[in-house]
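First up is the structure itself, then whatever we jot down about it.
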Amino acid sequence: MKKRSKIFIEACFGRKVDHTPIWIMRQAGRYLPEYRAVRKKYSFHEMMHTPDLMTEITLQPINRYGFDAAIMFSDILVIPESMGINFKLIKNIGPVFENPINTLEKINTIREPNINYFNNIFEGINKIRNNLDPSKALIGFTGSPWTIAGYMVEGRPSKDYRNIRSLIYSNPGEYHHLMNHLTNTIIQYVSEQVKAGADAIQIFDTNASYLSQSIFKKFSFPYLKQIINAIKKLNVPSILFVKGGGGWIELLESSGADVLGIDWTIKLEEAKRVVSKNISLQGNLDPSVLLSSNQTIEKETIKVLDSYGYGFGHIFNLGHGITPDISIDAVQTVINTVRDYSKKYKNF
Ligand code: CP3
């Protein structure tokens, strides 16, 4: 039987589609009343580690809006958890670690976990895949080693990530120890995600922009390349989202990723000029646009579509995650606009 094609996967590989596919980073989250209703009853950790809850929450935005891809409900910080570095979500702060790895001794004790730690997550992926329409893709994900390490070392969201930045200069050996162990763990983790049913993998490198390009290139990029190479062997598309990476497109293209996720600080048309035809682009509406009127939302969404113009290698998304203060109606306006307006760029 011929598998039904998934428009999201087609666009990842730049193949012909009849409109631009759309999903939104953090689409399963607090802006949805149905998410808040579940969250009232369960802790964030229960929601992440119970396959049935993970499935329910992942499917919420698909059921409401019909996005072209679902992203598994989880968090990049399950990786530190698997290494025994646990966090709590604190209101108005974010994730806070009880015991950050803020000494060299602690960094040296970091080891790769037993991959069975993630079994509930793999079971959840399997369940989601079985309950998701075959025309929709399921995106698995990981944080980048650099972004995850930042949380482990700082212990909480930081305004400058200076402790881990200084580690690069003062103790590169320990820094590389940490990055190597994270990279090996991530490779195993995403491989199992794909075996469990994920159709694509996105790497979130949210904290890249705290580094200069030359430090990024030497101290973070080689690890990203290792992960992307491993994803390639799994025969699913890789999406590399580097927040603040707009000025680094040429370098990021050399990562081998099939899709580059970009934020709103670079125009799609500029990124498209730099990358070869083999690479797709994902993005890049400024999430703050969604706080304005429907008319403005429509106008700004059209600008993004016009900026990419003709071609098949575009996946519509925001330039970063959706925030809890955004109205459900604003999201519907974006989706309607993308579905209707993008058709004109697919028939040429
Ligand atoms: O995209 C999706 O819908 C899938 C789920 C997802 C979450 N976190 C759920 C979540 C994904 C892909 C992430 C990734 C993530 N987590 C990143 C990288 C992407 C980004 O947005 O920058 C980072 C840096 C984290 C770490 C993290 N987790 C932070 C900083 C926070 C607190 C900030 C916030 O948004 O509240 C979290 C908690 C978190 N992760 C929530 C959700 C839905 C909020 C949980 C709640 O209070 O209900």
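Any read-out appearing in this document is the output of simple, stated calculations on the displayed coordinates, not a laboratory observation. This structure is a prediction, so every number in the text was calculated from the model and none was measured. As a convention, Cβ positions derive from the backbone with ideal geometry for all residues, glycine included, and neighbour counts pool all protein chains shown.
The table below lists the values:
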item	result
Rg to Rh, two decimals, where the stretch 146-300 supplies the alpha carbon set and Rh follows Kirkwood	0.99
Violating pairs (Cα-Cα greater than 31 angstrom) within the set K136/K225; K195/K344; K106/K195; K16/K267; K159/K232; K6/K233	K195/K344; K106/K195; K159/K232
Added length on full extension, which subtracts the Cα-Cα distance from 0.36 nm per residue, N108 to T296	62.5 nm
Net length gained if the chain between R339 and R36 were fully extended (0.36 nm per residue, minus Cα distance)	106.3 nm
Values of log10 I(q)/I(0), in the order q = 0.11, 0.13, 0.14 Å⁻¹, for the chain under a Debye, Cα-only, solvent-free model	-0.70, -1.01, -1.19
Residues with amide H under 5 Å from that of N86, placed H, sequence gap 5 or more	E98, N99
Reach of K40 by Cα under 15 Å, taken over aspartates and glutamates that are not fewer than 8 positions away in the same chain	E56
Choice from L211, L252, L89 with maximal GNM fluctuation in the chain (Cα, 10 Å cutoff)	L89
Whole-percent pair-distance distribution, where bins are 10 Å wide, for the alpha carbons of the stretch 50-189	11, 37, 30, 17, 5, 0
Given charges at beta-carbon only (K, R positive; D, E negative), |dipole| of the stretch 113-200 in Debye	160
Using alpha-carbon coordinates, inclination of helix 145-154 to the longest axis of the chain, degrees	50
19 Å Cα-Cα reach of K277 towards aspartates and glutamates, excluding residues that sit fewer than 8 places from it in its own chain	E10, D18, E250, E253, D258, E269, D306
Anchor K91: aspartates and glutamates whose Cα lies under 19 Å away (excluding residues fewer than 8 positions away in-chain)	E46, D75, E154, D325
Added length on full extension, which subtracts the Cα-Cα distance from 0.36 nm per residue, K233 to D325	29.2 nm
Net charge contributed by nearby residues that have their C-beta within less than 13 Å of L167 (K/R +1, D/E -1)	+1
